[in-house]
Each structure stands twice: as structure tokens, then as C-alpha cells.
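The values are calculated or read from the model by the stated rules, or taken from the named source; none is laboratory data. All values reported here derive from a predicted model rather than from experimental measurement. Backbone-built Cβ (ideal geometry, glycine too); neighbour counts: all protein chains shown.
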Amino acid sequence: MDDEFLLLNPGPVPMSPDAREAMSEPMVSHRSAAFEAVYERAQDGLEYVFEQSSLDGERTASGGEALILNGTATMGMEAAVANLVDADDELVAVVNGKFGRRFKRIAERHCTVTAVEFEWGAPIDVDAVADAVDDETAVVTVVHNETSTGLLNPVAEIGEIAADHDARFVVDGVTSIGGDAFRIDDWEVDIAITDGQKALAAPPGVAALYVADGVDAHVDGEAAPFYEDLDWHSRKASQHQTPFTSAVPLFRGLAVAVEEIEAEGMPDRIARHRRQSTAFREAMWAMGLESFPELNDATAYSNTLTAIELPEGARDDDSEAFFDAVADRGVSISGGQAHLGGEIFRVSNMGNITDEQLLRGIRTIGEAFDAVGVDVAVPDAVETAREALDR
Ligand SMILES: Cc1ncc(COP(=O)(O)O)c(C=O)c1O
């Protein structure tokens, strides 16, 4: 196992052998009964994930529909926004990282946007969101788990604000859904978005939207985008098809991946992600490194990916040598995005990462720091992680 390439990027994440194998089965028509069976399995599995993402196994959504679309998460974000607004609508976008900003940029193409912005990695001040949302607000957008910074945002509090003003609440759960708790009803979520390649451990190129019951995800049939018309997707979903050609192999990989999640069970899966991310974080602290995101009372460290400040000697221009040293050891991690390049590194524990793989990731990162002349206590870090995993 140790000689294998280990993908610890925050997506795409490693896929199981069965999910990979399903993708190489002989092609079928997207209008065949064989494909409809695949769509149904993927939809059932996704509805399990969307509706039962709690640590105690409690149901988190009383009703809604999971729709599967060709395309990545960005398409899913645009589909959600563009189906809910008309050009003269007002949308509040909460931004504290790259993907919050992406929601804002998407929405600016479709309606009037007020952005409530914070530094990337800084916690959201919920009062500032409350000041920005009013009865004219049609939609509020937020990213639950901000992948660019490793911060878990206060979705419950923001959902309450949106609901108080009767605004639709659209949540990007791309790196949380399938790995962490996600409570559609309690958080007043109207549309939740995820995609295959993150916490679902499915292939990239296929996105899932959960449209809660009672949400008219279709303004008037003319404003909705043609390809991502959610009303049309919903009508076709009742026949276990999509309006256009489905990316058949990707749907097959997704069907197996969500069935594997259901077999593990969301409570165990959430607990595993929390245990593993805690172990990883504590190992980094034991190396003398610091977490990148700042917390407040309403915010937490992500349970699915960890963002760590690069130390002197492996920062800015020196960071390339560090990332090369990690890659030379057969492990792939990610750097910071946009202006955070050279300042942080990010490591995922999404999907089906084993404890041994996590420990290998920690060891490799430590060895890579040593290789570029940054002195870190690798054995202490590994021991710290082991203890945290055994807790
Ligand atoms: C939280 C979040 N939202 C949206 C996206 C966009 O995904 P893509 O670039 O694959 O469309 C990502 C990708 O990393 C993400 O992490």
C-alpha cells in the first residue's frame, strides 16, 4: 500500500475499486432501462446522503428530490442560482473564501448582488449578514465548508436569517455533503449542492442538487437556463433519466460510490471524518505548524480538509520545493488558491481514506519539510495522530 500514489488533494479524491470498475462497463444508451436503473440507484443513494447526514442517524430532511446533472460543482452552483432568480431579483452572497466568491460572481451574471465579504479564512460575522438581508432579498448563498480555507461556516445561523425574510437559501455543500453533518430542514436549506469528486468519492464531472419540497426551482420557465432547467430535470428524473445525454460512466461510478456510503452509514462516516481530521490537525500542531483559518463562536475547523500555514523556509518562493518533496514521495496535496498560493497547504480526508493512509500523509509532509530544511518533529506528529485516532 505504501508504494501506491496517495491522492490527498481536496478533490478529486481516490475512488474505490468497485466504483472505478463500474465506470469501465460496456456503454449503454442513456434512454435504456439499464441506464434508468443506474440513475435510480444513484438518486436513491444521494437521497440517503442528503436526508440522513447526521451523527446520530436522525433524519435531516423531511422531503425533497436529488437531481443529478452532468457537470462539475460550479455548474451546480449556477443551476441553483439561475433557476431561482430573475434579473431584477436581489441576492445576498456571503463570501469568506474562493468558493463563496464564486457564488457571488455567478450570481452577478443573473441578478443584483449584495456581497457580505470577509477576508479569506476569517470567520463570518453573522450580524453583518443579518444587516444585509431584508424582505427584498430573494436568495442568500453561502458555502458550508470553504475548501479554499478549511473553515466550516455557520450555515444554521445564516439559514435562520434567510428564512426570517422569506428568502431562498442556497448552500454549497460540495466538501461537506457525504463527509460531515448537513441538516437541510434545521438549516432551512432550499437547494443544496454537491458534486461527485469530493466527499462522495465518485468521479468528477457529475453534480447533485437537492431541492427541498416546496421550492419552486423554476421562476417562470423562461428565466431558467436551458441546459440546467431544474424543473425539466425533475420531470425527467421521474423516469430516471436526464433531459440530455447523461455521462453514463460517471453516473455508474456515482451509483456505486453512494451505495458504499450507505453501507458505511452516515453516522459512522461523519465520525470517521471528524476523528481523522482531528488527528491530522493535531499532528500538524505537534510539528509546530499553525492552522490557517481563524475561528469565532459560530465557526469551526473543517472536518473534511485541513488548511495549514506554510512555515518560514517552505513559504512563498520556497514552497515549490516543499510541494515537490511531497510529490517525490508519492503523495499529492494542494497549495493555497489565488492570493493564498505560497502561504498555505491543504490536505483532504474526504472519501474512504484509511487511518494508515492518513498517517502516511502526515509522515510524508514531515519528511518533505525536513528535506527542504524546515525542522519538524515527525515521530512526535505521527504519535500524536495515532493517539487521536485511538481516542
Ligand atoms: C466548496 C466548493 N464549491 C465549488 C467548487 C467548484 O468545483 P469545480 O471547479 O469542480 O466546478 C469546489 C471545488 O473545489 C469547492 O470545493
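What to note about this one:
- Condition met for VAL94 (away from the ligand (no atom under 16 Å from the Cβ), on the phi < 0 side of the Ramachandran plot and of a type outside the set (S, T, N, Q)): no
- Matching residues, segment 121-142, being more than 24 Å from HIS339 (Cβ to Cβ) and either outside any helix (DSSP H, G or I) or assigned by TED's automatic domain parsing to the domain that holds GLU309 (or both): VAL133, ASP134, ASP135, GLU136, THR137, ALA138, VAL139, VAL140
- The set of residues from segment 121-151 being within 16 Å of the ligand (Cβ to nearest atom) and surrounded by fewer than 24 Cβ atoms within 10 Å (Cβ to Cβ) comprises just one member, GLY121.
- Residues in segment 56-91 that are among the β-branched types (Val, Ile, Thr), more than 22 Å from VAL126 (Cβ to Cβ) and within 13 Å of the ligand (Cβ to nearest atom): THR72, THR74.
- Residue within segment 15-30 that is within 16 Å of the ligand (Cβ to nearest atom) and touching a Gly at 6+ places or on another chain (Cβ under 8 Å) present: yes
- Number of positions in segment 360-374 that are in contact with a helix residue (DSSP H, G or I) (Cβ under 8 Å, 6 or more places away or on another chain), under 13 Å from PHE322 (Cα atoms) and not aromatic (Phe, Trp, Tyr): 9
- Yes/no for VAL174 being buried (at least 24 other Cβ atoms within 10 Å of the Cβ), within 12 Å of the ligand (Cβ to nearest atom), in a loop (DSSP other than H, G, I, E, B) and at pLDDT 95 or above: yes
- Residue check for PRO154: within 13 Å of the ligand (Cβ to nearest atom) and within 20 Å of the chain's Cα centre (by Cα): no
- Whichever residue in segment 23-50 is farther than 30 Å from PHE345 by Cα and either surrounded by 22 or more Cβ atoms within 10 Å (Cβ to Cβ) or among the aromatic types (Phe, Trp, Tyr) (or both) and, among such residues, is nearest to the chain's Cα centre (by Cα): LEU46
- Residue in segment 243-251 that is closer than 30 Å to ASP268 by Cβ, among the aromatic types (Phe, Trp, Tyr), more than 16 Å from the ligand (Cβ to nearest atom) and out of contact with any Asp or Glu (no Cβ under 8 Å at 6 or more places or on another chain) present: yes
- Residue in segment 188-211 that is surrounded by fewer than 19 Cβ atoms within 10 Å (Cβ to Cβ), more than 16 Å from the ligand (Cβ to nearest atom) and not in a helix (DSSP H, G or I) present: no
- Within segment 177-186, being surrounded by 24 or more Cβ atoms within 10 Å (Cβ to Cβ) and either of a type in the set (A, V, I, L, M, F, W, C) or at positive phi (or both) holds for ILE177, GLY178, PHE182, ILE184.
- Pairs with Cβ under 8 Å, 6+ apart, first in segment 43-60 and closer than 10 Å to ALA208 by Cβ and at pLDDT 95 or above, second surrounded by 18 or more Cβ atoms within 10 Å (Cβ to Cβ) and among the aromatic types (Phe, Trp, Tyr): LEU46/TYR210; GLU47/TYR210; PHE50/PHE182; PHE50/TYR210
- Residue pairs meeting the criteria (Cβ under 7 Å; at least 6 apart or on separate chains; first more than 10 Å from ASN349 (Cα to Cα), in segment 264-282; second among the charged types (D, E, K, R) and outside any helix (DSSP H, G or I)): PRO267/ASP56; ILE270/ASP180
- Filtering segment 1-44 to residues that are touching a strand residue (DSSP E or B) at 6+ places or on another chain (Cβ under 9 Å) and under 23 Å from VAL331 (Cα atoms) leaves PHE5, LEU6, LEU7, LEU8, ASN9, PRO10, GLY11, VAL13, PRO14.
- Among (1) among the aliphatic types (A, V, I, L, M); (2) surrounded by fewer than 24 Cβ atoms within 10 Å (Cβ to Cβ); (3) under 19 Å from SER62 (Cα atoms), the one test that ALA224 misses: (3)
- Condition check for PHE251: over 30 Å from GLU47 (Cβ atoms) and more than 16 Å from the chain's Cα centre (by Cα): no
- Identity of the residue in segment 227-266, farther than 15 Å from ALA207 by Cβ and β-branched (Val, Ile, Thr), that ends up surrounded by the fewest Cβ atoms within 10 Å (Cβ to Cβ): THR245
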